[in-house]
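Just so it is clear, none of the values below were taken in a lab; they were calculated from the coordinates. All values derive from a computational prediction rather than experimental measurement. Cβ atoms come from the backbone with ideal geometry, glycine included; neighbour counts cover every protein chain shown.
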Amino acid sequence: MTEQLVKESTQPVKPITQRPKKRGGLGCWITGITTLIVAAGLVAVGLLLPPFNLASRFFGPQYAMLDSNNNAAGLNSLAVIAEPDDVGQEFGVLLSEVPMEQFAAGSSDAGAWVSMAAATTPPNHALQSSVYSIDTTGTAPEAINLSIRIPSGVANADLLDLYAYDDQTDTWQFIPARPLGDSMYASVSELPQRVALFQAAPPSQPRVLVAVDVTQTLPDSVASLANIVAPGGLQPTLDGNLTGSLAPGFDLNAGYLVMPVIRNFIDPRALDTQTVVGILNNRAAIQAHANAVASLAASSYDGVIIDYRDVPAEQRDNFTQFMRELHNRLANTGSQLGVIVPAAQNIDGAWETGAYDWRALGEVVDFMTIQFGPDPSAFVPGETRFADALLRWAVGEVSRDKLLIGLSSLSTRQIGSDFTPIGYDEALSALGDVEIETDVTDAGTVLPGTLIQAQLDGFEAASGNEADTPLAYIDYLDGSGATVARMWLGTPSSLRFRMDRTLQFALSGVAFEDLLANGVARGILDAILNYKLSTPETFGATEFALRWRIESADGTIGEVTTGLNEPLVATIEAPDGNYAVNVDVVGEERASAARGGAAVAVFAATPTPTPTPTPTPTPTPAPTATRAPQAVAAAPAAAPVAGSIVAGNFEYGGHVTNTNTGAADAMRRAGMNWMKVQVRYTPGASPGGAAEQINAAHSRGFKILLGVVGNPGDLAGGGAGYIQGFASFLGGVAGLGPDAIEVWNEPNIDREWPS
């Protein structure tokens, strides 16, 4: 094979230039357009998302956006208003409405919720506006105002309420609100889903709550009136438990609810605030106390009532927290929760409620009793008078369906600015008892036809009615005509008038803590029954008078009515015999009260120096100590009655170990009318144990002095806790009605005090 040699050229090599391939113009355009489309898509997506939301703004729901210059949005009678300095962030509202007619028909055209909402409207309430729906966007402000214009046909704005409907729970919920100008206003922390204006009407049968103390019994006549029976006797302890025993006599299978009331007192004159404060200051104690009370409710009762009085105002949040804890536990068992609060006080134009946050409590309780004080004049009608003004404010804080007013069924003694509940007969006791002035024979008898003058030996009195209402009173006057004391009389009409204040504001009902106390006037139960049945009552001024009766052993032989201060002037033209002059203080026929009567012996003069006695009619016993009549035959003296200490009258008695018949008979023969019995306190003892001694003494015609002493050994071991227990025990004993109490006599003797 022949090799071929490659010769190297000596000429330079021309460089090769690479020419680019030719491309068409369409490819460049596609790339550019694609880039633009992607960029435009991203921009469009960004505009569709927050914070721009262009699609929603142009094509979705049209929210009214609020700002500091445009801080309100409205639809017909509804307005949603933010405070200019807090309008939220990008916050807007979308309002819609279902007109009243469409809502009442339960039409589902506006949404499936309508039929359920229409079927569950608040009881005793009538719709007064469209039902408005409120949708929101953005971040809401911390507080926002709602306003619904009041329809022109509404005559009484005091009966208007705002309610919100919750689709999740299918329930209407009360919104605290009050009328201002021509609208109802509410301030809420969270806008409701739906809202409407309603007008309330009084319930067809208002509720009646009756408290029963440990020393009382529940008669059928009272039980038949009660919707709720609240037996007392239980108190809290520092560790959160309960102590005491419930008042007996209720029936768990009767037609009323049984709800034990837990109190920080046995007698309201001796309150134990330290125990309540000790619990509220301790988170664990709050939990333990809520558990203890809930356990009580679950043990066959319908619920519980909390009545903790004089709680310091600084415990407001803690008390609310305790009630929330208790509500949560009771809700699991379906038990009801009630609370008793004192009437709010208006201070410099603002209503103050101290430790009791009415609005917060109203959210967690089933009912709230506003305990009014004993001054009946608070119920004089008037926009600025106390009861009306308070209740008008109260229905703007708490659902009126939950509100009861706590009233006293007793009379009230007013001396200056001090008011004290007392019995009806006791209120009239200062009128005195019957005394007779007449000419008598040497034998102490009255000749037939002799003029006699009978009058009451007490204070001059003037009766009246406060501000042309049935709130009746009697003023006792001194020799100069000045008022010594005023007695507000607990008549049936007076009580019915006060109960009817609940009708003006369509409240749930009334509550009584003293309906079973001694001294309730006759006719009170009838007044409560008529209130429950909504039987109309015609009120008029109460004119008090004296109705005199001259009675023989065979019955009444004459009857005369005089003025309150007028004497009876009469002659007895009748056969020889013994006669009684009795008198009733009458105002309302249902509530008359007898005063102590006197006896007169009428005998014609005969040759026989000593007349033959005849059966003697008994003068009516007085509810207080009686003075001896001037001309009396052998009529037995009326027995003294409890609570009848009269200044200047010397009385005496003896210290006995018990009040049995033997001791009573011996003391009576000695002329005594007082008994002293000693009661010794030991930790855990119930004051109710003294009731037997008190009742036994009174039933035998004696007044009773209780010597209440402690135990030196227990005092040495218990210290301040024992003293507090002794004080509470003493307050409970005082509430049982002894005529006097001697507190721990002879403490300076070794055997009575720890060394």
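Couple of notes before you dig in:
- Ordering His698, His327 by the number of other Cβ atoms within 10 Å of each residue's own Cβ, fewest first, gives His327, His698.
- Against the main long axis of the alpha-carbon atoms of the chain, helix 720-734 sits at an angle near 60°.
- Residue order for Ser152, Ser686, Ser463, fewest other beta carbons within 10 angstrom first, comes to Ser152, Ser686, Ser463.
- Each principal axis of the Cα cloud of segment 62-200 was evaluated for its coordinate range; sorted largest first, these ranges are 39, 33, 23 Å.
- Helix 316-331 axis, angle to the chain major axis (alpha carbon atoms, nearest 10°): 80 degrees
- 14 Å Cα-Cα reach of Lys532 towards aspartates and glutamates, excluding residues that sit fewer than 8 places from it in its own chain: Asp500
- Placing +1 on the Cβ of every Lys and Arg and -1 on the Cβ of every Asp and Glu, with nothing else charged, gives segment 62-200 a dipole about its Cα centre of roughly 400 debye.
- Selection among Thr420, Ala211, Ala285 by position relative to the dipole of the chain gives Ala285 as farthest towards the positive end (Cβ unit charges, Cα centre).
- Gain in span if fully extended, Arg324 to Thr561, counting 0.36 nm per residue against the direct Cα distance: 79.4 nm
- Projecting the Cα positions of Tyr132, Asn518, Leu495 onto the charge dipole of the chain (unit charges on Cβ atoms of Lys, Arg, Asp and Glu, taken about the Cα centre) puts Tyr132 furthest along the positive direction.
- Paramagnetic label zone (point 7 Å from Cα along Cα-to-C-beta, Ile347; backbone N under 16 Å) in segment 387-409: none
- Helix 26-48 and the longest principal axis of the Cα set of the chain meet at an angle near 10°.
- Fraction of antiparallel bridges per DSSP, the chain only, in percent to nearest 5: 70 percent
- The distance linking segment 181-237 with segment 397-468 is 34 Å (Cα centroid to Cα centroid, whole angstrom).
- Shown here: Rg and Dmax of the Cα atoms in Å, derived from the displayed model; of the candidates [x] 40.3, 205; [y] 26.3, 91; [z] 37.0, 164, it corresponds to [x].
- Counted by neighbouring Cβ atoms within 10 Å, the residues Glu314, Glu426 run from fewest to most as Glu314, Glu426.
- Taking θ as phi - 60° and the Karplus parameters 6.51, -1.76 and 1.60, the scalar couplings of segment 548-554 work out to 8, 9, 9, 10, 10, 5, 9 Hz in sequence order, x denoting glycine and proline.
- Take every pair of alpha-carbon atoms less than 8 Å apart whose residues are at least six positions apart; their mean separation over the length of segment 62-200 yields a relative contact order of 27 percent.
- Per-residue HN-Hα couplings for segment 384-394 [Karplus 6.51, -1.76, 1.60; θ = phi - 60°; Hz; x = Gly/Pro]: 9, 6, 4, 4, 4, 5, 5, 5, 4, 6, 4
- Charged-residue dipole, Cβ positions (Lys, Arg, Asp, Glu), the chain about Cα centre, Debye nearest 20: 3240 debye
- Computed [θ] at 222 nm, helices only, for the chain once each DSSP H run of length n ≥ 4 contributes -39500 (n - 2.57): -6500 deg cm²/dmol
- Difference of contour (0.36 nm per residue) and Cα-Cα distance, Ile81 to Ser300: 74.0 nm
- Inter-site label distance for Asp67 and Ala331 at 7 Å from Cα along Cβ, in nm: 4.1 nm
- For segment 653-752, the spherically averaged projection of the C-alpha convex hull amounts to 6.4 nm².
- Working from label points 7 Å from Cα in the Cα-to-Cβ sense, the Thr420 to Ile723 distance is 2.7 nm.
- Assuming charge only on the beta carbon of Lys and Arg (+1) and of Asp and Glu (-1), the dipole of segment 175-302 about its Cα centre is about 280 debye to the nearest 20.
- In plain terms, the chain from Leu252 to Glu742 could stretch by 172.5 nm, reckoned as 0.36 nm per residue minus the Cα-Cα distance.
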